[in-house]
């Protein structure tokens, strides 16, 4: 898959603020989409993979927090920063509970915003393919807290569609899926995203023992069993991402040998 520029969505009903941020981010090498209200923003999210959203809190029709809840439903891998002239402890707490990453005060302090943009866009991107929606929601929270951007798919067709739209670092792949098989997902991944690593996940260790062995031999990197040992899962995920490599280099003093 051809490397894509990270895409940032800027949403603000103040056109000058929106355009100024857009110009600066484009100069820094990012692809930028802009919208003046929530409905226009959601149309863009449906059409384009959005890596990061900078959302004004107070807008006519739909405020930034309500907008983010809809963005999260459509594109859970999108990291959101709320920017508001009305920041209060209650607003910040509500935004964090909804899954936004940061809440910043207006006027926009570029010295504060730009390092956060760079940090969020450095997060590894994970695709979780599992039809257990409660498990996906729980894992999304865990991975988000640890700095992973996580897309969710509950069937093989949705998983393969996402693999064709976005580059992923790691795919967490349940072995029992509706509307297809894990092998179908891996076949698309090899074509569209060959550098992605794969962690198989299953609660059927004995029943699927031969399939697990076959899929590992076919190129999967690891297997984690349900119910998860979260430390083991996160450790495996870290080892398979650039974050894991950086951590290992730091632990060894940055010396490979």
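Bear in mind these aren't lab numbers, they're just calculated from the coordinates by the rules spelled out. On a predicted model such as this, the values are computed, not experimentally measured, just so you know. Quick reminder, even Gly has a Cβ in these numbers, built from the backbone with ideal geometry, and neighbours come from all protein chains shown.
For this structure, a couple of remarks:
- Convex hull volume of the chain per residue (C-alpha atoms, cubic angstrom): 149 Å³
- Segments 62-68, 234-240, 84-90 sorted - mean Cβ within 10 Å per residue, highest first: 62-68, 234-240, 84-90
- Helix 230-239 vs. the chain, principal-axis angle (Cα, 0 to 90°, nearest 10): 80 degrees
- Rounded if a/c under 1.5, otherwise prolate or oblate - the stretch 125-247, Cα gyration tensor axes: rounded
- With respect to the chain, whose longest principal axis is taken over its alpha-carbon atoms, helix 89-98 is tilted by about 30°.
- D_trans [Stokes-Einstein, Kirkwood Rh over alpha-carbon pairs] for the stretch 7-121, 20 °C, 1.002 mPa s, µm² s⁻¹: 156 µm²/s
- In nm, spacing of pseudo-spin labels at residue 141 and residue 93 (7 Å Cα→C-beta vector): 1.7 nm
- Degrees, to the nearest 10: 110-121 long Cα axis against longest axis of the chain: 20 degrees
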